[in-house]
């Protein structure tokens, strides 16, 4: 997982919602952000990667 990747949350109250990865993985956690999703750290095992971010 890298910054800018799109994923779907698979666990918790926000399960099924799309999120964007905002930080590189540290200790198995990443910072996520999305519409109707709180900006917070999330376990990478609770995310399903949908699409890779665009490289510049």
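The values are calculated or read from the model by the stated rules, or taken from the named source; none is laboratory data. These numbers were taken from a predicted model, which means no experiment stands behind them. Ideal geometry is used to build each Cβ from the backbone, glycine not excepted, and the neighbour counts take in all protein chains shown.
Filter region 28-54 for residues that are over 13 Å from residue 1 (Cα atoms) and exposed (fewer than 10 other Cβ atoms within 10 Å of the Cβ) and give the result. Hits for region 28-54 are 35, 36. Restricting attention to region 7-26, the residues being more than 14 Å from residue 46 (Cβ to Cβ) and in a loop (DSSP other than H, G, I, E, B) number 3. Exactly one of these conditions fails for residue 4: (1) modelled with pLDDT under 95; (2) in a strand (DSSP E or B); (3) surrounded by 12 or more Cβ atoms within 10 Å (Cβ to Cβ). Give me its number. It fails just one condition, (2).
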